[in-house]
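*Asks:* The structure under discussion is supplied below as structure tokens; questions concerning it will follow.
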Amino acid sequence: MNAHRDTIFVEDAEILSHAHCAGDQHILRLRAPEVAHHARPGSFVHLHCDPQRPLRRPISIMRADAGAGEIELLYKVFGDGTRLLSQRNVGEALNLMGPIGKPFELHPEYSRPLLIGGGVGMPPMIFIADAARRQKDRYSPFVILGSEVPFPFTSKPSEILIPGLPDGVIASMPLLEDWNIPARLTSTRSYPGCHEGYVTDLARLWLDSLDDNERGKVEIFSCGPHPMLEAVAQLAKDYALPAQVSLEEFMACGVGGCAGCVVKIETANGPAMKRVCVDGPVFDAAQVFA
């Protein structure tokens, strides 16, 4: 807790926009200068959704603009708290704490980040893609996003060629396309232009298309449901690649005090219980899925 005392801020964030998307998904843009300035890919905020629900909800940060003092959050309605949050209007204030958590870390020796996001695990991948593009002389990311409900954006056919993928797999996220970052979408729901299957299926096709030298430059970053992360960890193991995963857990305090979000991690000194909120949410995949 003490290590995070000076890095977590409490702000009354003004709602600047609140977009309502298919699949009961919503995108909030908030004015939160302190959080925007200190946020890193993988950080989250602990948000007070509504006066009727005193307990906060952890929501990943999708984008942060330090200059404008703004952040964007993507969330899906799962219960009463997020249902009430979805009814909040532009101009209202939401009290939040953040940025919280150990972020993802790009490593220069791995110049080809493979970013894999599933469902509401997509936002951290957008954030890290943004960070990578700001160092475009150093990193060349490839993004794979998967969803079993309609994507919270209108996909577009990509104009960026990605060798090794099936010809019909052309759907991409417009924002990533605008950033000139290659990306593809996957689903088992037969959405147009998407790969029919899981994110790891498409990742294997891409990895198999690389020669040994290029494959050795890949590091995997992922966030999504637990079964997906387990599959990503196996993918990393099969190809002997480093992987960082961001875990999704229910949280009470969100700042390490209650220890309600602990998970078992394998360390050099044996098993240890770590708090997802402040010791994570980002962990080495091999330590989580040993």
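The values are calculated or read from the model by the stated rules, or taken from the named source; none is laboratory data. A quick note: this is a predicted structure, and the numbers were derived from the prediction, not measured. In this analysis, Cβ positions are derived from the backbone assuming ideal geometry, glycine residues included, and neighbour counts consider all displayed protein chains.
*Asks:* Please find, within segment 229-251, the residue that is nearest to Trp206 (Cα to Cα) out of those that are surrounded by 15 or more Cβ atoms within 10 Å (Cβ to Cβ) and at pLDDT below 95.
*Replies:* By that ranking, first place goes to Leu247.
*Asks:* Which one of these is over 18 Å from Pro141 (Cβ atoms), touching a helix residue (DSSP H, G or I) at 6+ places or on another chain (Cβ under 7 Å) and among the charged types (D, E, K, R): Glu249, Glu196, Glu230, Glu266? Please lay out each step first, then the result.
*Replies:* Details: Glu249 fails: touching a helix residue (DSSP H, G or I) at 6+ places or on another chain (Cβ under 7 Å); Glu196 fails: touching a helix residue (DSSP H, G or I) at 6+ places or on another chain (Cβ under 7 Å); Glu230 fails: touching a helix residue (DSSP H, G or I) at 6+ places or on another chain (Cβ under 7 Å).
After applying the criteria, what remains is Glu266.
*Asks:* Name the pairs whose Cβ atoms lie under 9 Å apart, with the first residue in segment 162-178 and in the same structural domain as Gly146 (by TED's automatic domain parsing), the second among the aliphatic types (A, V, I, L, M) and surrounded by fewer than 11 Cβ atoms within 10 Å (Cβ to Cβ), and 6 or more positions between them or separate chains?
*Replies:* Pairs found: none.
*Asks:* Any chance you could count how many residues in segment 166-190 are surrounded by 17 or more Cβ atoms within 10 Å (Cβ to Cβ) and not acidic (Asp, Glu)?
*Replies:* Of segment 166-190, the ones surrounded by 17 or more Cβ atoms within 10 Å (Cβ to Cβ) are 169-173, 176-177, 179, 181-187.
From what is left, the residues that are not acidic (Asp, Glu) are 169-173, 176, 179, 181-187.
Of the residues in that region, 14 qualify.
*Asks:* May I ask you to list the residues in segment 145-161 that are free of Cβ contacts under 8 Å to residues at least 40 places away in the same chain and in contact with a helix residue (DSSP H, G or I) (Cβ under 8 Å, 6 or more places away or on another chain)?
*Replies:* Thr154, Ser155, Lys156, Ser158, Glu159, Ile160
*Asks:* Taking into account only those residues within segment 197-246 that are assigned to a strand (DSSP E or B) and aliphatic (A, V, I, L, M), which is farthest from Ile61 (Cα to Cα)?
*Replies:* Of all residues in segment 197-246, those assigned to a strand (DSSP E or B) come to 218-223, 243-246.
Keeping just the survivors that are aliphatic (A, V, I, L, M) gives 218, 220, 243, 245.
On the way: Val218: 24, Ile220: 19, Ala243: 20, Val245: 15 Å.
This residue is Val218.
*Asks:* What number of residues within segment 64-80 satisfy the criterion of being crowded, with 20+ Cβ neighbours inside 10 Å and either of a type outside the set (Gly, Ala, Ser) or at pLDDT below 95 (or both)?
*Replies:* Summing the residues that are crowded, with 20+ Cβ neighbours inside 10 Å and either of a type outside the set (Gly, Ala, Ser) or at pLDDT below 95 (or both) in segment 64-80 gives 6.
*Asks:* Restricting attention to segment 49-63, which residues are crowded, with 20+ Cβ neighbours inside 10 Å and of a type outside the set (D, E, K, R)?
*Replies:* Matches in segment 49-63: Cys49, Pro58, Ile59, Ser60, Ile61, Met62.
*Asks:* For segment 162-196, give me each residue that is under 18 Å from Ala231 (Cα atoms), of a type in the set (S, T, N, Q) and in a strand (DSSP E or B).
*Replies:* Correct list: Thr186, Ser187.
*Asks:* Can you tell me how many residues within segment 164-194 are charged (D, E, K, R) and within 17 Å of the chain's Cα centre (by Cα)?
*Replies:* Number of matching residues: 1.
*Asks:* Any idea which of Leu94, Leu106 is in contact (Cβ under 8 Å) with a residue 12 or more places away in the chain and not in a loop (DSSP other than H, G, I, E, B)?
*Replies:* It is Leu94.
Residues checked against (1) farther than 17 Å from Val255 by Cβ; (2) modelled with pLDDT under 95; (3) polar (S, T, N, Q):
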position	(1), (2), (3)
Met1	no, yes, no
Glu14	yes, no, no
His20	yes, no, no
Gly23	yes, yes, no
Gln52	yes, yes, yes
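*Asks:* Related question: Kindly evaluate Gly121 against the criterion of being of a type outside the set (S, T, N, Q), under 17 Å from the mean Cα position of the chain (by Cα) and in a loop (DSSP other than H, G, I, E, B). Outline the logic, then answer.
*Replies:* On the way: of a type outside the set (S, T, N, Q): yes; under 17 Å from the mean Cα position of the chain (by Cα): yes; in a loop (DSSP other than H, G, I, E, B): no.
It is false that Gly121 is of a type outside the set (S, T, N, Q), under 17 Å from the mean Cα position of the chain (by Cα) and in a loop (DSSP other than H, G, I, E, B).
*Asks:* Can we say Phe283 is in contact with a Leu (Cβ under 6 Å, 6 or more places away or on another chain), within 27 Å of Ile59 (Cα to Cα) and not in a helix (DSSP H, G or I)?
*Replies:* When the stated conditions are applied, Phe283 does not pass them.
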